[in-house]
Amino acid sequence: MLNFNAFYAAIAQNKLSAWLEVLPAQLAAWQKEALHGDFKQWQKVLANLPASQSAVKNISTEVSFGAPDELSEGAKQRLEVLLKQLMPWRKGPFTLHGLHIDTEWRSDWKWDRVLPHLAPLNHRTVLDVGCGSGYHLWRMRGAGAEFVVGIDPSQLFYSQFSAIKHFNPDPNVHLLPIGIDDMPKLQAFDTVFSMGVLYHRKSPIDFLQQLKNQLRPGGQLVLETLVVEGDATTVLVPGERYAKMRNVWFIPSTAALLGWLARVGFQDAKVVDLNLTSLDEQRKTAWMENESLVDFLDANDHSKTIEGYPAPLRAVVIATA
């Protein structure tokens, strides 16, 4: 049985307490479904991780827990075997007692682009929507956030996060295996992040409203998403696939995206970063052996996807609720 009692106790004492009206039943339903498939095996992986009481940690410039000499070479080899059972590792990287998990994405590069534009996270309650395995949760905590919650319904991402948290059981960093559709209108978070999710949503306007529903008045939205070049009327609606992904629905221009945010009621929205994804930032590794960006682009023209659309261009937008 998974136990979320520590999270329930924590939010009972803070401004997220209204969430307790629906959350326990949702997590119980998720857990019942998770009993099928690979989740049982992933739970066995977690149960066999080596004990670690290390005070050595770094979440300010990377996500690294435990000194290399605190585990024997044999223990580190067993750790690698165990964690590779949780592949593919997509967002990171992580270092555990000197073992480097070289993930598909250099998520630290994205964080470096986002961080200069944030309202200070000190003493803030933060939500990361679609947080994957939780890399950015640790970086948010390292930047001073008081209480950090990520949501992502993936069983694998929850298992990966649990493996990392085993080495740093911070009571103020949590991942809940639910989606944004499951969340009530809390209007309680000081900062809401959504990075790499908007284009996966069939109704982007509804999604932006859901994000706004979680922010207190005056809170900050940090939105990172795919965009295309164009004016305020430009929105790419791909065919069956975009960069081999089936679940890409709408990719707006930055001008169109700012218009969407204004329609939903966000204020002071502005684009603070534009970045063309490079083959160094997203690539195949020993920890993610599936296809990656190079396989999604036209082999003869990397300015285009394999389907002929513009190659992935990502924008960071900040706005105020």
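The values are calculated or read from the model by the stated rules, or taken from the named source; none is laboratory data. Keep in mind that this is a model prediction, so the values were computed, not measured. Virtual Cβ from ideal backbone geometry, glycine too; neighbours counted across all protein chains shown. Only protein heavy atoms, including side chains, enter the accessible area calculation; ligands, DNA and RNA are left aside. Shrake-Rupley method; radii C 1.70, N 1.55, O 1.52, S 1.80 Å.
Quick notes on this structure:
- Overall form of segment 31-175 per C-alpha gyration tensor (a/c, 1.5; a/b vs b/c): oblate
- Heavy-atom accessible surface of segment 74-145: percent carbon and sulfur, 1.4 Å: 50
- Segment 1-109: antiparallel DSSP beta bridges as a percent of all, rounded to 5: 55
- Computed over protein heavy atoms with a 1.4 angstrom probe, the accessible surface ordering of 8, 199, largest first, is 8, 199.
- Solvent-accessible area of residue 298 with every protein chain in place, 1.4 Å probe, in Å² to the nearest 10: 50
- Along the chain, the exposed loop sites are trypsin sites (Lys or Arg not before Pro) outside DSSP states H, G, I, E and B with at most 10 other Cβ atoms within 10 Å, and the longest stretch free of them is 1-201.
- Anisotropy class of segment 200-321 from Cα gyration tensor, a/c 1.5 cut: prolate
- In a simple Cβ point-charge model (Lys, Arg +1; Asp, Glu -1; nothing else charged), segment 138-214 has a dipole of about 140 debye relative to its Cα centre.
- Counting Lys and Arg as +1 and Asp and Glu as -1 over every other residue whose Cβ lies under 12 Å from the Cβ of residue 282, the net charge comes to +2.
- Å² of accessible area per residue within the chain, as computed with a 1.4 Å probe and no ligands counted: 44
- In Å², nearest 10: area of residue 228 left accessible to a 1.4 Å probe: 20
- Sequence of 203, 72, 194 from largest to smallest accessible area, 1.4 Å probe: 72, 203, 194
- Nearest-0.05 FRET efficiency for residue 4 and residue 41, computed from C-beta distance (R0 25 Å): 0.75
- DSSP-defined beta bridges in the chain - what % are antiparallel, rounded to 5: 55
- Anisotropy class of the chain from Cα gyration tensor, a/c 1.5 cut: oblate
- Local net charge near residue 160, Cβ-Cβ under 12 Å (Lys/Arg +1, Asp/Glu -1): +3
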